[in-house]
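This report refers to the structure that appears directly beneath it.
The values are calculated or read from the model by the stated rules, or taken from the named source; none is laboratory data. Note that the structure is predicted; figures quoted are calculated from it, not measured. Note: ideal-geometry Cβ built from the backbone for every residue, glycine included; neighbour counts use all protein chains shown.
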Amino acid sequence: MVKSWIIIQRSLLVSIVAALAAVVLAGCVEYGCPELVTIVRPVDGDTLIVAYGQLQFEVRIRGVDCPEWNEPGGREASEFARELVAGRKARLVYPDKGRVTDKHKRHLAFVDLLDEEPGSFIDFGAEMIRAGLCSPSERFPSPRHDLYQNLRGGD
């Protein structure tokens, strides 16, 4: 009886935390998160694990496609991402109101890294493309598609 009550309490706590995260992040859809997240680590070149307070979740970078870890160039993209984001703060920008997560429950957002200059941000996806490690994504259309195509050379 006690064991089942603990399981119910844990389930309820997880549900409450998820609901609170959804409410907080709902404001991010149109305007970007007012609060900064902390980059925990990259999963690969186009997916990051971020922390918002005690909550950690995966973010799939919008508009960018990088090779997977086991594909040619994947290891280099992951290593570059690790160097670029190590311990940094970032702003998440959710460009469309309709789709915030993908089928893997990763958040679909742009990640703008806080720059050393106050109030200035660096577009993580643009940096990955500029380095030649990723390409503009055709699977995840984005408002930054033209910018990303230009960085790649318009091909």
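Numbers below:
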{"read-out": "Those residues of segment 64-85 which are under 17 Å from residue 121 (Cα atoms), in contact with a Pro (Cβ under 9 Å, 6 or more places away or on another chain) and not β-branched (Val, Ile, Thr), in sequence order", "value": "81, 84"}
{"read-out": "Hey, residue 65 within 18 Å of residue 45 (Cα to Cα), in contact with a Lys or Arg (Cβ under 6 Å, 6 or more places away or on another chain) and of a type outside the set (Val, Ile, Thr) or not", "value": "no"}
{"read-out": "Close pairs (8 angstrom Cβ cut-off, 6 or more residues apart or separate chains): at pLDDT 90 or above and aromatic (Phe, Trp, Tyr) in segment 80-106, crowded, with 19+ Cβ neighbours inside 10 Å and not in a loop (DSSP other than H, G, I, E, B) anywhere", "value": "80/128"}
